[in-house]
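Enquirer: I'd like to ask some things about the structure below.
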Amino acid sequence: MNPLFATLPTSIFEHMSGLARDHDAVNLGQGFPDFGWPDDVVDFAADALRTGSNQYAPMRGLPVLRQAVADHYTRHQNVRTSADEVIVTSGATEALASSILAMVAPGDEVLLIQPLYDAYVPMVRRAGGIPRFMSLTPPDWRLTEEALSAAFTDRTKLVIFCNPHNPTGRMFGADELELLAEACLRHGVIALSDEVWEHVIFDGRRHIPLSSFPGMRDRTVKIGSAGKIFSMTGWKIGWIVAPETLAVPISKAHQFLTFASAPNLQAAAAYGLGKEDMYFETMRANFQQARDTTIAGLGEAGFVALPAEGTYFLSIDLAASGIAASDRDFCERAVREAGVAAIPMSAFYDEGAEGNVVRLCFAKQPETIRAGIEGLRTAKALWKAGS
């Protein structure tokens, strides 16, 4: 038995979702939407299942999807991409695993930016890498020149970066991305850029890929996700975009993990990536409305929400909301006694956790949001009463 995985705790998502089921609670914890998927993409997948191939797809992905990914980024992000740079994976998490296994050798130092997606650290350790951490600070969660200068060293081989940022909902600005790019170039570091939320952004913002900065195209591995773009997280269709020097070793890791993903879902993702701009604009507007509804309801219930610029997530500041509780204690009591599940932000740290911020998923129907906010209102009253 591998001691690394034998000693890992159950993920916070499984823990809180399990409690939500046990207590019949509203689940605002786990990050999946209950609206927003395009019916025509689903219909395309169903038709492809009946009329297309149901055998192994090519290891690097269906040519039609690889070309669609390349065309999509050329069109939407003005980054000229070749299908030869694209590898289709079984979700973004497998894309991350393939990339880390290919690029991290035992003893390599990997810079991770906290709070972070919980899969990064165990993947780095499984590859034999040594995780090093820098932390963002609420409420603005900004990348600063001082923090980056202190975090990058001559021993850093890889930095893993998420933008838009899960779990905080930040969308890093061009000035912050430029600082990160300059640090990578200065230290000769490869960037693994998790950009799965690139279309789930609000208030007229536009996504800027890290690879678009001078010198970064040849040292950036970009991760994308059909599940996030089309609000169908269960499809588990993701991809890697990387220069050939990095794509080749990554593809060799990928071939021994999943090898290939469902061909009908790949074909449908290719179709969806070619949809008109109106689809993407409408999708963003619908999720922005859900965000705004949630923030307004939280304000009426006496909670202070932190800025949410992208993703399905927003956070509440317990201390600013008048709640003298740790985020873990608040979430445990909220699900057990008030009927609502949320995620403590401290669960997204490996060390030095912030302890008074709670993350919510707002990608829910209005009635679910209302019920969740009422549960949070009850949870707050319980803490204020000291009962």
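The numbers here are math on the coordinates, done by the rules we state, and not lab data. The structure presented is a predicted model; accordingly, all values stated were derived computationally and were not measured. Glycine also receives a Cβ, built like all others from the backbone with ideal geometry; neighbour counts cover every protein chain displayed.
Enquirer: Whole-Hz Karplus ³J(HN,Hα) for region 76-85, in order, using 6.51 cos²θ - 1.76 cosθ + 1.60 and θ = phi - 60°, x for Gly and Pro?
Expert: Result, ordered by residue: 8, 10, 6, 10, 5, 10, 9, 4, 5, 8 Hz.
Enquirer: How much length is gained if the chain between Gln55 and Ala174 is pulled fully straight, taking 0.36 nm per residue apart and subtracting their Cα-Cα distance, in nm to one decimal?
Expert: Contour length minus the Cα-Cα distance gives 38.5 nm.
Enquirer: Further, regarding this structure: Could you please rank Trp197, Trp239, Trp37, placing first whichever residue has the fewest other Cβ atoms within 10 Å of its Cβ?
Expert: Ranking Trp197, Trp239, Trp37 by Cβ neighbours within 10 Å, fewest first, gives Trp37, Trp197, Trp239.
Enquirer: If each of Asp218 and Asp43 carries a label point 7 Å out from its Cα toward its Cβ, how far apart are those two points in nm?
Expert: 4.7 nm
Enquirer: Taking the Cα centre of the chain as origin, work out the dipole magnitude from +1 charges on Lys and Arg Cβ and -1 charges on Asp and Glu Cβ, in debye rounded to 20.
Expert: So the magnitude is around 520 debye.
Enquirer: Taking the Cα atoms only, what angle lies between the long axis of helix 366-385 and the longest principal axis of the chain, rounded to 10 degrees?
Expert: Once rounded, the angle reads 50 degrees.
Enquirer: Right, another one. If neighbour count is taken as other Cβ atoms inside 10 Å, put His165, His207 in order from fewest to most.
Expert: Least crowded to most crowded, the residues run His207, His165.
Enquirer: Work from the charge dipole of the chain (Cβ charges, +1 for Lys and Arg, -1 for Asp and Glu, about the Cα centre) and give the residue of Gly227, Ala57, Ala242 farthest towards its positive end.
Expert: Checked the options; the winner is Ala57.
Enquirer: Taking R0 as 41 Å, what's the FRET efficiency between Phe256 and Glu300 from their Cβ-Cβ distance, rounded to 0.05?
Expert: Working from the Cβ atoms, E equals 0.20.
Enquirer: To continue, here is another question. Just from its helices, what would the mean residue ellipticity at 222 nm be for the chain, if runs of 4 or more DSSP H residues each count -39500 (n - 2.57) and the sum is divided by every residue, rounded to the nearest 500 deg cm²/dmol?
Expert: Roughly -13500 deg cm²/dmol at 222 nm, from the helical runs in the chain.
Enquirer: Of all the stretches in the chain, which is the longest one without any exposed loop site, taking GluC sites (Glu not before Pro) in a DSSP loop (any state but H, G, I, E, B) with at most 14 other Cβ atoms within 10 Å?
Expert: Looking at the chain, 1-275 is the longest stretch - no exposed GluC sites (Glu not before Pro) with at most 14 other Cβ atoms within 10 Å.
Enquirer: Next question, about the same structure. Would you work out if region 252-357 is rounded, prolate or oblate? Take a ≥ b ≥ c from the square roots of the eigenvalues of the alpha-carbon gyration tensor; rounded if a/c is under 1.5, else prolate when a/b is larger than b/c, oblate otherwise.
Expert: oblate
Enquirer: Now for a different question. What is the Cα centroid distance between region 234-296 and region 58-103, reported in whole angstrom?
Expert: Cα centroid to Cα centroid, the span is 9 Å.
Enquirer: Can you tell me, using C-alpha contacts under 8 Å and at least 6 residues apart, the relative contact order of the chain as a whole percent?
Expert: It rounds to 25 percent for the chain.
Enquirer: Still on this structure, I have one more. Taking amide H atoms as placed 1.01 Å from N in the peptide plane, list the residues 5 or more away in sequence, or in a different chain, whose amide H sits under 5 Å from that of Ser135.
Expert: Here Gln114 satisfy the definition.
Enquirer: Moving on. Provide the net charge surrounding Tyr312, with neighbours chosen by a C-beta distance below 14 Å and charges set as Lys +1, Arg +1, Asp -1, Glu -1.
Expert: Net local charge, Tyr312 excluded: +2.
Enquirer: For a quick check: sort Asp43, Asp350 by the number of other beta carbons within 10 angstrom, fewest at the front.
Expert: Asp43, Asp350
Enquirer: Please determine, in degrees from 0 to 90 and to the nearest 10, the orientation of helix 277-300 with respect to the longest principal axis defined by the Cα atoms of the chain, where the helix direction is its Cα long axis.
Expert: 20 degrees
Enquirer: Report, please, the projected area of region 40-275 averaged over directions, based on the convex hull of its C-alpha atoms, in nm².
Expert: Hull-based average projected area comes out at 12.1 nm².
Enquirer: Two decimals, Cα atoms only, Kirkwood Rh: what is Rg/Rh over region 201-294?
Expert: Answer for region 201-294: 1.02.
Enquirer: With a cut-off of 20 Å, note down the residues of region 20-58 whose backbone N falls inside the zone around a label point 7 Å from the Cα of Asp71 toward its beta carbon.
Expert: 38-49, 52-53, 58
Enquirer: Within region 15-64, report the chymotrypsin sites (Phe, Trp or Tyr not before Pro) that DSSP leaves as loop and that have at most 10 other Cβ atoms within 10 Å.
Expert: Qualifying residues, ordered by number: Tyr56.
Enquirer: Working from Cα positions, state the angle (0 to 90°, nearest 10) between the long axis of helix 174-187 and the longest principal axis of the chain.
Expert: Relative to the chain, helix 174-187 is tipped by roughly 60 degrees.
Enquirer: Against the globular-protein guess of 2.2 N^0.38 Å, express the Cα radius of gyration of region 118-164 as a ratio, rounded to two decimals.
Expert: The reported ratio for this selection is 1.26.
Enquirer: Here's a follow-up. Of all DSSP beta bridges in the chain, what percent run antiparallel (nearest 5)?
Expert: Percent antiparallel among DSSP bridges in the chain is about 45.
Enquirer: Going through the cross-link list Lys228/Lys364; Lys236/Lys380; Lys157/Lys222; Lys157/Lys252; Lys252/Lys275, which pairs have a Cα-Cα distance over 25 Å in this structure?
Expert: Checking Cα-Cα distances, Lys236/Lys380; Lys252/Lys275 exceed 25 Å.
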